[in-house]
Amino acid sequence: MSYPKHSLSAGDYAQSITYLHEEESFDTGVFTTAVRVDFDGYEEYWFLKEVDGHVYEVTLILL
């Protein structure tokens, strides 16, 4: 599965990526995929769900 490119700055590189849906203690709710990406100075959370061949995405950016 490919993940969306971050949206704040094309020059930013991810410092770390955590696949939250792989952690037993993390409840992803209705989403099948949950990813936390740390950049320099901010973090993004990507939540994805596939339904009937369509992928729905919610992206949260925390500054």
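The values are calculated or read from the model by the stated rules, or taken from the named source; none is laboratory data. Remember, predicted model here, so these are calculated numbers, not experimental data. Every residue, glycine among them, receives a Cβ derived from its backbone with ideal geometry; neighbour counts consider all protein chains shown. The protein model used for the area step is the full one, side chains on, heavy atoms only, and it has no ligands, DNA or RNA in it. Shrake-Rupley method; radii C 1.70, N 1.55, O 1.52, S 1.80 Å.
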In Å², and per residue, what accessible area does the stretch 17-59 have when probed at 1.4 Å with the other protein chains present?
65 Å²
So for each of 35-45, 51-61, 18-28 I average, over its residues, the number of other beta carbons within 10 Å; can you give me the resulting order with the highest mean first?
35-45, 18-28, 51-61
Residues whose built amide H sits under 5 Å from the amide H of T33, excluding neighbours closer than 5 in sequence, are L48
